[in-house]
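The values are calculated or read from the model by the stated rules, or taken from the named source; none is laboratory data. This one's a predicted model, so the numbers in the text were calculated from it and none came from an experiment. Cβ sites come from the backbone with ideal geometry, for glycine too, and all protein chains shown count toward neighbours.
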Amino acid sequence: MWKCPVCGRTFQKVNQQHYCGRMPATVDEYLSEQPDKIRPILEQTRRILREALPDCTEKISWGMPTYWKKRNLIHFAAQKNHLGIYPGPEAIEAFRERLQDYRTSKGAIQFPYNREIPYELIAEIAKWAYEQAGE
Ligand SMILES: [Zn+2]
């Protein structure tokens, strides 16, 4: 991943073109900056992650909505054509079979907006990451 030195946002591609504004301070602010077309997907993602991880802290980390308990468990981010889910490489390895229809890279999963988003699966991955983090 690449972190823009100006705005602090994180992207998968080095020197990714983007609007270099101030980094959002809260998840509400992050969501409010997203295009109307994809905001419902992001709101639903937030809802299922909060449900899956009820005692985790929600914050912005690496410029992305993040669920934290002792450490960052999972992030999500609005990319241009897909929802990015960042649960860490171990989670992706553990769910490899069920993710075979999706593009993944080290630590990142791409769920294209033009396909149905598998929210159930995202919740399961989040719970897995939570369990791995210990208690
Ligand atoms: Zn920037």
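Points worth noting:
- Among the residues of segment 27-39, not a single one is among the small types (Gly, Ala, Ser) and within 16 Å of the ligand (Cβ to nearest atom).
- Filter result (of a type outside the set (A, V, I, L, M), within 18 Å of residue 120 (Cα to Cα) and not in a strand (DSSP E or B)) within segment 44-87: 44, 45, 46, 47, 50, 51, 54, 87
- Count of segment 1-59 residues, restricted to those that are modelled with pLDDT under 95 and basic (Lys, Arg), is 5.
Here's the yes/no breakdown for (1) more than 19 Å from residue 53 (Cα to Cα); (2) β-branched (Val, Ile, Thr); (3) part of a helix (DSSP H, G or I):
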{"residue": "90", "(1), (2), (3)": "no, no, yes"}
{"residue": "93", "(1), (2), (3)": "yes, no, yes"}
{"residue": "116", "(1), (2), (3)": "yes, no, no"}
{"residue": "123", "(1), (2), (3)": "no, no, yes"}
{"residue": "128", "(1), (2), (3)": "no, no, yes"}
{"residue": "134", "(1), (2), (3)": "no, no, no"}
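- Within the set 2, 68, 62, the sole residue that is in contact (Cβ under 8 Å) with a residue 40 or more places away in the chain and aromatic (Phe, Trp, Tyr) turns out to be 62.
- Inter-residue pairs, beta-carbon under 7 Å, first under 10 Å from residue 63 (Cβ atoms) and among the hydroxyl-bearing types (Ser, Thr, Tyr) and in segment 7-26, second away from the ligand (no atom under 12 Å from the Cβ) and outside any loop (DSSP other than H, G, I, E, B), 6+ apart: 10/64
Yes or no, residue by residue, for (1) touching a strand residue (DSSP E or B) at 6+ places or on another chain (Cβ under 9 Å); (2) surrounded by fewer than 18 Cβ atoms within 10 Å (Cβ to Cβ); (3) within 14 Å of residue 12 (Cα to Cα):
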| position | (1), (2), (3) |
| --- | --- |
| 61 | yes, yes, no |
| 72 | yes, no, no |
| 80 | no, yes, yes |
| 83 | yes, no, yes |
| 99 | yes, no, no |
| 102 | yes, yes, no |
| 127 | no, yes, no |
